[in-house]
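For reference, the structure discussed in these notes is given below.
Where a number appears in this text, it was derived from the coordinates with a stated rule and is not lab data. Note that the structure is a prediction, hence the values are computed from the model and not measured. Reconstructed Cβ throughout: ideal geometry from the backbone, glycine too, with neighbour counts over all protein chains shown.
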Amino acid sequence: MAIFTKKDIDKISACLNAESVRKEKDHFRLKISAEEGRRTLILEIYPEVTLGKGKGPMVVVYTSNAHLQLHSCSGYVTSEELGEVTFVGESARKISGLVVEGQAACSLYANVTRELLSGDFTKFGVEVMLSGVALSLAEEIIEKSKGK
């Protein structure tokens with residue numbers, strides 16, 4: 001089953017309060033703007049794209065000063081309360097997360113050790129703790145993929 005259907009895009013768009021959503025030939029393009037900081041972010045979601053020898057989902061973020069990609073996205077979780085969506089990619093014992101906010105901001109946490117998600121955050125420095133806290137929202141996705 002595809003990770004990103006039209007229903008998923010609608011859910012993501014609503015959570016981020018997207019200014020516009022367009023269906024392109026091979027991806028969805030969402031524009032997210034924030035009046036406060038005069039920021040704009042473009043979020044492109046590819047349900048299936050060629051990634052080397054295989055295919056898989058890819059999430060791309062464009063801002064005025066960054067271009068981020070998350071290949072082989074294994075899932076996402078929305079947080080209406082926080083107004084953000086966390087996209088997750090997994091490999092071996094590490095995970096990566098791309099957090100997109102409705103205020104047109106984003107954060108990338110790459111190659112995070114899985115143990116950080118369920119560990120005691122207070123044992124780590126703030127710089128390490130942030131990744132564990134941010135990605136802990138996606139723990140449900142990670143647990144489901146372990147069972148596959």
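Summary of values
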{"read-out": "Distance between modelled label sites at E81 and R114, nm, 7 Å Cα→Cβ extension", "value": "2.6"}
{"read-out": "Furthest towards positive pole of dipole, I45, A18, L30, structure part the chain, Cβ charges", "value": "I45"}
{"read-out": "For the stretch 94-124 and the stretch 1-57, distance of Cα centres in Å", "value": "20"}
{"read-out": "The chain, helix-only ellipticity at 222 nm - DSSP H runs n ≥ 4, -39,500 (n - 2.57), divided by all residues, nearest 500", "value": "-6500 deg cm²/dmol"}
{"read-out": "Cβ-based net charge around A66, under 15 Å, with every Lys or Arg adding one and every Asp or Glu removing one", "value": "-1"}
{"read-out": "Cα→Cβ-extended label distance, 7 Å offset, between A2 and V126, nm", "value": "4.3"}
{"read-out": "Cβ-defined net charge surrounding E80, 13 Å radius [Lys, Arg +1; Asp, Glu -1]", "value": "-2"}
{"read-out": "Residue list for the stretch 1-34, given a label point 7 angstrom along the Cα-to-Cβ vector of T63 and an amide N cut-off under 13 Å", "value": "32-34"}
{"read-out": "Per-residue HN-Hα couplings for the stretch 13-18 [Karplus 6.51, -1.76, 1.60; θ = phi - 60°; Hz; x = Gly/Pro]", "value": "4, 5, 4, 8, 6, 4"}
{"read-out": "Convex hull projection area averaged over all views, the stretch 6-146, Cα basis, nm²", "value": "9.2"}
